[in-house]
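What follows is a single structure, written as structure tokens, with notes after it.
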């Protein structure tokens, strides 16, 4: 009996390992049952722990779900290509974003419109910043490299123009519930973004 107790203590998850397991369980529950049916209790059962363990880290369900979205996003990074040209970088990066994040984005949007926005007291743009902020930073890296190569002047190009390719890809992922077709990504870059960029 003593040996079993010792073994149980030895296996007990702690710190980052425990938090990662809890957030993984919350993500899996979100995917399987959706935000509306997810509860702190259902996540605790999936994670094989107790509700107080969750409440010691997150005050409520919406905080847990937002943390789970961020955790899943960070666990599945998008490649940052460096092709040597702005056009090549954008096409490669938008393709990677589309292929990596299509499923994630659909789950995040479904959660937002199933009650997460109201429960968390956040606007859609605030939720987007929380769950997509790292991706927006990657976009800035693409543009900074192009600026350093002399392909664009970040002081002169409006923020709306720089955001446009990424906004359109997110829109298409939402509308089509899947990755954006390569031809569409090339069209966004070649027929919409680059002509706009030439005006600045």
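Values in this text are rule-based calculations from the coordinates and carry no lab data. Just so it is clear, the model here is predicted, and its values are computed rather than measured. A quick note on method: Cβ atoms are made from the backbone with ideal geometry, for glycine too, and the neighbour counts reach across all protein chains shown.
Which angle from 0 to 90°, rounded to the nearest 10, does the C-alpha axis of helix 2-11 make with the longest principal axis of the chain?
That works out to roughly 10 degrees.
With the crude spin-label approximation of a point 7 Å out along Cα→Cβ, what separation in nm comes out for residue 167 versus residue 147?
Once both label points are built, they end up 1.9 nm from each other.
What FRET efficiency, computed as 1/(1 + (r/R0)^6) with R0 = 22 Å and r the Cβ-Cβ distance, is obtained for residue 50 and residue 119, rounded to the nearest 0.05?
It comes to 0.50.
What is the angle, in °, between the Cα long axis of helix 86-111 and the longest principal axis of the Cα atoms in the chain? Nearest 10 is fine, range 0 to 90.
It is inclined by approximately 40 degrees.
Per-residue ellipticity at 222 nm for the chain, helices alone: DSSP H runs ≥ 4 residues times -39500 (n - 2.57), over residue total, nearest 500 deg cm²/dmol?
Taken over the chain, the calculation gives -22500 deg cm²/dmol.
Taking only Cα atoms and a 10 Å spring cutoff, compute GNM fluctuations for the chain and point out the largest among 166, 113, 104.
Top of the fluctuation ranking is 113.
With r as the distance between the Cβ atoms of residue 126 and residue 196 and R0 = 25 Å, compute the FRET efficiency 1/(1 + (r/R0)^6) and round to 0.05.
So the FRET efficiency works out to roughly 0.40.
Quick check: the angle from helix 124-149's long axis to the longest principal axis of the chain, C-alpha only, nearest 10 degrees?
40 degrees
With the chain treated as a Gaussian network of Cα nodes joined by springs under 10 Å, which of 165, 52, 124 yields the largest mean-square fluctuation?
Maximum among the listed residues: 52.
Which values of log₁₀ I(q)/I(0), to two decimal places, follow from the Debye formula for the chain at q = 0.08, 0.12 Å⁻¹ with a uniform point scatterer at every Cα?
For the chain, the Cα-only Debye profile gives -0.36, -0.69.
Within 10 Å of each residue's Cβ, count the other Cβ atoms and sort 71, 200 from fewest upward.
Lowest count first: 200, 71.
Once the piece of chain linking residue 39 and residue 82 is laid out straight, how much longer is it, given 0.36 nm per residue of separation minus the C-alpha distance between them?
Between residue 39 and residue 82, full extension yields 11.2 nm more.
Starting from the Cα-Cα distance between residue 16 and residue 176, subtract it from 0.36 nm times their residue separation and give me the gain in nm to one decimal.
54.0 nm
In percent, how large is the relative contact order of region 78-198, given Cα pairs closer than 8 Å and 6 or more residues apart?
It comes to 40 percent, rounded to a whole number.
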